[in-house]
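Right, one structure below, let's go through it.
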């Protein structure tokens, strides 16, 4: 039974990148939602830094300016190789890059001593492959386009010395190619460890809230990540 469980774990670990590559190569997916940064800060001067891999590489940080005000700074990077069809049975290997940065500020407060409510708002900017539909140029893999993001993210969770778990509801406004789409992006963030060091994971979905007619780009319908977090300054 243990050998079979190990097999299933590694099979799923290998399957996820394959699914991501297939999605990126089969559609014009230009918006990839970042993992949720739900810090569940507890007190003034608490600081966190995290790194996750999954649907891209996500770097996250958060700092408690006061006992109720927090700041966050996030970064995202993804590199994807794919074969581009040039016609006449010829192809070209290209490398596409996604890169963006986000910053936000928010409010947090303890509820019944072991729970935390938080709400953050912010925005970001970055670059994506300029592989839009119905464009007046031929995409060759080298062109990029700007993207911008605004978000508001309420969450509530449980925190302790050993585990933090939070449910997140993020609302995002994404602008690319002069088109703005609104997304509802709920997710779950779990952190397991002891005090300063924790293993963390995040799973979430992304669903659009407006009409996709005539939209020239697609989006990834989920985000997932697993990584490590270092935390200092939390009072237990």
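Of note:
- Hits in the stretch 179-220 - residues which are under 22 Å from the mean Cα position of the chain (by Cα), exposed (fewer than 15 other Cβ atoms within 10 Å of the Cβ) and in a loop (DSSP other than H, G, I, E, B): 209, 210, 212
- For the stretch 140-162, the set of residues classified as closer than 28 Å to residue 235 by Cβ and loosely packed, with under 14 Cβ neighbours inside 10 Å consists of 160, 161, 162, listed by residue number.
- Condition met for residue 73 (free of Cβ contacts under 8 Å to residues at least 24 places away in the same chain and closer than 23 Å to residue 223 by Cβ): no
None of the figures in this text is laboratory data; all of them are computed from the coordinates on show. If you're wondering where the values come from, they're calculated on a predicted model, not measured in any experiment. Reconstructed Cβ throughout: ideal geometry from the backbone, glycine too, with neighbour counts over all protein chains shown.
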